[in-house]
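Peer 1: Have a look at this one before I ask anything.
The values are calculated or read from the model by the stated rules, or taken from the named source; none is laboratory data. Not measured: the values here are computed from a predicted model. Virtual Cβ from ideal backbone geometry, glycine too; neighbours counted across all protein chains shown.
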Amino acid sequence: MSKHPCLNDMNPGQSAHVIKLNSSGSIRRRLLDLGLTEHTQIQCVGKSPSGDPAAFLIRGAVIAIRAIDGKDILVDL
Amino acid sequence: MEYKKAANDKLIAIAGNPNVGKSTLFNNLTGKNQHTGNWPGKTVTSATGYFQTALHSYILVDIPGTYSLMAHSPEEEAARNFLCFGKADAAIVVCDATCLERNLNLVLQTMELVPRVLVCVNLMDEAKRRHIQIDLANLSENLDVPVIGTTARDKKSLYEFTETLDQFIDSRKQSPLCPVTYAPPLESALAILEPLLHKKAHGALPARWLALRLLDTDSELEKEITTYLGQNLSSDPAVCQALSEAWSLLAAAHIQREEMQDLITTGLIRRAEQIYRCSVQEDREYARKNDQKLDRFLTDRRSGYPVMLLLLAFVFWLTITGANYPSRLLSHILFSIQDLLTRLFYLMNAPAWLHDVLVLGAYRVLAWVVSVMLPPMAIFFPLFTLLEDSGYLPRIAYNLDHVFCRCHSCGKQALTMCMGFGCNAAGVTGCRIIDSPRERLIAILTNSFVPCNGRFPTLTALITMFFAGSALGLLSSIGSALLLTGVVLLGVLMTFLTSWLLSRTVLKGIPSSFTLELPPYRKPQVGKVLLRSIFDRTLFVLGRAACAAAPAGILIWSMANIHLGSSSLLSLCAGFLDPVAAWFGLDGVILMAFILGFPANEIVIPIMLMAYLEESVLTEPGSLLALRELLVSHGWTRLTAACTMIFSLLHWPCSTTLLTIHRETGSLKWTFLSFLLPTAAGLILCFLVANIARIFL
């Protein structure tokens, strides 16, 4: 079984599409509200000074997401 | 709650994503001054305002910004409940033109719920600057509701808006209640439920929306709906029957209950994307070019933290340097007015005690408060508002989130701390932007570790008097600013420490999930910021301080003049507190000033001076050098000043803040803890500093 890369594997400047959202509970709802459904294009636009959280361009808005939540968002990098 | 003043007033809800300019629109229409700032979550409570056009009178309700109506947090729930049950005549959904795709999700959700929707695409000027082209006519056609483009910051663009609003209200055209076509199995399920629910709800709520909510089981909302309709839909046998039919239909298409939420959201998002593709042309790389450059600098691994500290120190430096001269001028003017007042009382043959109580008591403390507090506030508030307007504050939260995460709390706490710089009560209310109740409590309990505006001037005055040294000009002011930055960093450190401690003891838990929007940078409107922050914030805060200062002045004067035996009440009290205060490097007068300063921190220094002045006279009012002499003659040393500064940073929150904490937490226990934590921290630190210093000095 091939393991897909997740949001945390993206470097600033890289773009990818969301393959699967494994998050659950309130964070899942929040991410869906922000438009992070499957097939959505997502671009990493930067990392905070400590490396976590990182900022992603999602449907025109820049959203900071922590690595602990990013690991549940699989992408086709 | 009743909003309307007259029967034909139109009740309009202003909805929208966070930070799209709802409050700016609201303010410019109603002439009210709801505070605005470039960061998500600024509006935490609904505000109501009134305005009139040629044709109608409107009641506007500015509801908190939300990404969605499927509520997660209390204010999102408030927003949704107002749209559902607030009986508004119409809803205006305000969108951010620079981020229309995401905003359309809320537009579609609102259209499913409210039969009369007007879409207002705001920030058209920003979109233009970013070369984003929006075809408003096409958007209106696709959504089948009226759409208007605005620049809410520019009042002129609002004439067209009010015209459109009047036309919209008069047209009586209903907007479509099914703006989204969902996946076929869901649509067939809806087809079973809709006609039945239409009959059951008697049109009080849209049937399609009700059907969607029944399928996407949300027990909280269901309770609200039951109360509103006066009947429990899901216990109605016919509805139950239809629901199970719908579910078996969905099951046949392999759709589970847990997937319902995804299915509905995906439907909405897809439709939003479609409409966006038809109506908007932009190059996202180009649109974000400048933001990207700034972010690379302001949130960079190397420059991120230093820039943050330098900015903080720079703001303090400007405040200290700029406040110096006007402070002296003000005190000269105010104290010459005191002489005039004295002459006036003398001419009127007023009794001496009346003159003393009112002029030497109330007026003099008031004059102190104004001359010591007004200039730094009038500089700090506008500077802070500029930072807020530009969109830098969310970047601070972004930079610091990692540390907060380590403390098992939320990065948004950095935003509430920033608000605390203005006023801790405002900071505590602002904690509503934090979703997790545990993390919100931590943020509330630690907010007063950040010195509010009432405490800044105390700190700067003490630094200038005792630590900046005799070095003249630039060097001394830079030194003062750096010291003040150090004091503030101590407060920040204590915030981290206390948050860490709380999340390992009484508020145990792991950090919850976290998403934070980093809004585009906007050019602050300098002129407006200056005006607004002086009139709204500075004068408001000063007014509150003055209200506390006058009675405190009378009290202090009375205490100094009521004698028990041979000594005044004041010296008795101070003498009583003296031995306790001495442990902590303070003296009785200082401690008493902090106790009397409970209603407002601004009056602490003036009370101290008043108390000392009862026994001495000030040679030159307004000069810090003369003040320093006065303090030194009462036994002050650098150590006293250091301990007073620590205690000013770390002591009980003022009464307004405590009341706010009680309102926000609804619990005496937490309010008490919020009193105890900084007080204990301050006493321990003062005790350590005073006693260690005594050993070495």
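Peer 1: For the range B:510-531, name all the residues that are under 17 Å from B:Lys412 (Cα atoms) and in contact (Cβ under 8 Å) with a residue 24 or more places away in the chain. Write out each step before concluding.
Peer 2: Here is the first cut: in the range B:510-531, the ones under 17 Å from B:Lys412 (Cα atoms) are B:510-519.
B:Ile510, B:Pro511, B:Ser512, B:Phe514, B:Leu516, B:Glu517, B:Leu518, B:Pro519 - these are the residues of the range B:510-531 that are under 17 Å from B:Lys412 (Cα atoms) and in contact (Cβ under 8 Å) with a residue 24 or more places away in the chain.
Peer 1: I would also like to ask the following. Of everything in the range A:45-77 that's farther than 18 Å from B:Ser512 by Cα and more than 8 Å from every other protein chain (Cβ to nearest Cβ), which residue is surrounded by the most Cβ atoms within 10 Å (Cβ to Cβ)?
Peer 2: In this case the residue turns out to be A:Phe56.
Peer 1: Is it the case that some residue within the range B:301-314 is more than 26 Å from B:Leu493 (Cα to Cα) and either of a type in the set (Lys, Arg) or within 32 Å of the chain's Cα centre (by Cα) (or both)? Please lay out each step first, then the result.
Peer 2: We begin by selecting, within the range B:301-314, every residue more than 26 Å from B:Leu493 (Cα to Cα); these are none.
No, the conditions are met nowhere in the range B:301-314.
Peer 1: Only one of (1) assigned to a helix (DSSP H, G or I); (2) modelled with pLDDT under 90 is not met by B:Ser513, so which one is it?
Peer 2: (1)
Peer 1: Please enumerate the residues belonging to the range B:267-299 that are of a type in the set (S, T, N, Q), surrounded by 20 or more Cβ atoms within 10 Å (Cβ to Cβ) and either within 11 Å of chain A (Cβ to nearest Cβ) or under 14 Å from B:Tyr521 (Cα atoms) (or both).
Peer 2: B:Thr299
Peer 1: Tell me, please, whether a residue that is more than 14 Å from every other protein chain (Cβ to nearest Cβ), surrounded by fewer than 24 Cβ atoms within 10 Å (Cβ to Cβ) and of a type outside the set (Phe, Trp, Tyr) can be found in the range B:390-409.
Peer 2: Yes, the range B:390-409 contains at least one residue that is more than 14 Å from every other protein chain (Cβ to nearest Cβ), surrounded by fewer than 24 Cβ atoms within 10 Å (Cβ to Cβ) and of a type outside the set (Phe, Trp, Tyr).
Peer 1: Any idea how many residues of the range B:300-322 are surrounded by 17 or more Cβ atoms within 10 Å (Cβ to Cβ), within 22 Å of B:Thr385 (Cα to Cα) and within 11 Å of another protein chain (Cβ to nearest Cβ)?
Peer 2: Looking only at that region, the number is 3.
Peer 1: If B:Ala600 passes every condition in (1) within 14 Å of another protein chain (Cβ to nearest Cβ); (2) crowded, with 18+ Cβ neighbours inside 10 Å but one, which one does it miss?
Peer 2: For B:Ala600, the exception is condition (1).
Peer 1: Additional query: Filter the range B:172-208 for residues that are of a type in the set (D, E, K, R) and either in contact with a Ser or Thr (Cβ under 9 Å, 6 or more places away or on another chain) or not in a loop (DSSP other than H, G, I, E, B) (or both) and give the result.
Peer 2: Across the range B:172-208, the qualifying residues are B:Glu187, B:Glu194, B:Lys199, B:Lys200, B:Arg208.
Peer 1: Given the residues B:Glu273, B:Glu258, B:Glu245, which is the only one that is under 30 Å from B:Leu190 (Cα atoms) and in contact (Cβ under 8 Å) with a residue 60 or more places away in the chain?
Peer 2: Selected residue: B:Glu273, the only one of B:Glu273, B:Glu258, B:Glu245 that is under 30 Å from B:Leu190 (Cα atoms) and in contact (Cβ under 8 Å) with a residue 60 or more places away in the chain.
Peer 1: Go through the residues of the range A:24-39 one by one and say whether even a single one is touching a Cys at 6+ places or on another chain (Cβ under 9 Å) and within 11 Å of another protein chain (Cβ to nearest Cβ).
Peer 2: No.
Peer 1: Filtering the range B:52-71 down to residues that are more than 14 Å from chain A (Cβ to nearest Cβ) and not hydrophobic (A, V, I, L, M, F, W, C), which residue is surrounded by the fewest Cβ atoms within 10 Å (Cβ to Cβ)?
Peer 2: Of everything passing the filter in the range B:52-71, B:Gln52 is surrounded by the fewest Cβ atoms within 10 Å (Cβ to Cβ).
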